[in-house]
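Trainee: I'd like to ask some things about the structure below.
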Amino acid sequence: MNNIEALLEQVRATAAESKNLQDPIDSKSLADAEQKLGFRLPPLLAALYATVGNGGFGPNDALLELCDADPSDGTDTALGEYLTLAIPGGTAPWWRWPAGVLPILDWGCGRLACVDCQSEDETVLLFEPNAIEGECVAAA
């Protein structure tokens with residue numbers, strides 16, 4: 001068993017206790033989501049969605065679903081958050097959401113844990129909008 005398999009096994013065991021755990025995503029839904037995003041998920045993140053669950057586990061059982069298993073439930077999804085944030089110009093024309101940075105967990109108050117799916121090391125980031133209000137981050 002390699003390190004990723006061991007990690008997935010630990011996450012599955014812990015996630016099994018979650019009351020919010022969703023069924024794992026199937027390969028077609030994963031491929032469809034990646035096509036809509038315009039990039040592939042890092043292997044570990046894809047494996048979490050495909051073998052642990054389509055959200056509902058992790059810190060505060062709040063990992064976002066990748067895409068809606070039931071579109072009528074109104075659940076925010078990582079795909080929906082990314083597509084909304086990545087709209088050119090968006091609601092705040094003085095900044096732009098970075099390409100390939102996928103929100104995966106909502107910490108509340110606008111804070112999002114994200115994965116940079118286009119970085120070689122699959123960096124995990126915290127987006128804290130309250131710290132940049134009124135600042136021009138486009139030049140940063």
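Trainee: In whole Hz and in residue order, list the ³J(HN,Hα) couplings for region 17-22 that follow from phi through the Karplus curve 6.51 cos²θ - 1.76 cosθ + 1.60, θ = phi - 60°; x for Gly and Pro.
Mentor: Once θ is set to phi - 60°, the couplings for region 17-22 become 7, 6, 7, 9, 4, 8 Hz.
Trainee: OK, next. Assuming R0 = 30 Å, what is the FRET efficiency of Leu83 and Arg12, from their Cβ-Cβ distance, to the nearest 0.05? Working shown, then result.
Mentor: Values: r = 29 Å, r/R0 = 0.95.
With R0 = 30 Å, the Cβ-Cβ based efficiency is 0.55.
Trainee: Around Ser27, what is the net charge, scoring Lys/Arg as +1 and Asp/Glu as -1 over all other residues with Cβ under 14 Å from its Cβ?
Mentor: Working: positive: Lys28, Arg40; negative: Asp23, Asp26, Asp32, Glu34.
Combined, the nearby Lys, Arg, Asp and Glu give -2.
Trainee: If you don't mind, there's one more thing I want to ask. Tell me the accessible surface of Asp76 in square angstrom (1.4 angstrom probe, heavy atoms of protein chains only), to the nearest ten.
Mentor: So the heavy atoms of Asp76 present about 90 Å² to solvent.
Trainee: For labels at Lys36 and Trp107 in the simple 7 Å Cα→Cβ model, what's the distance in nm?
Mentor: Taking the simple label geometry, Lys36 and Trp107 are separated by 2.6 nm.
The values are calculated or read from the model by the stated rules, or taken from the named source; none is laboratory data. These numbers were taken from a predicted model, which means no experiment stands behind them. Cβ coordinates were reconstructed from backbone atoms using ideal geometry, including for glycine residues, and neighbour counts include every protein chain displayed. Areas reflect the complete protein model, heavy atoms only, side chains present, ligands, DNA and RNA absent. Shrake-Rupley method; radii C 1.70, N 1.55, O 1.52, S 1.80 Å.
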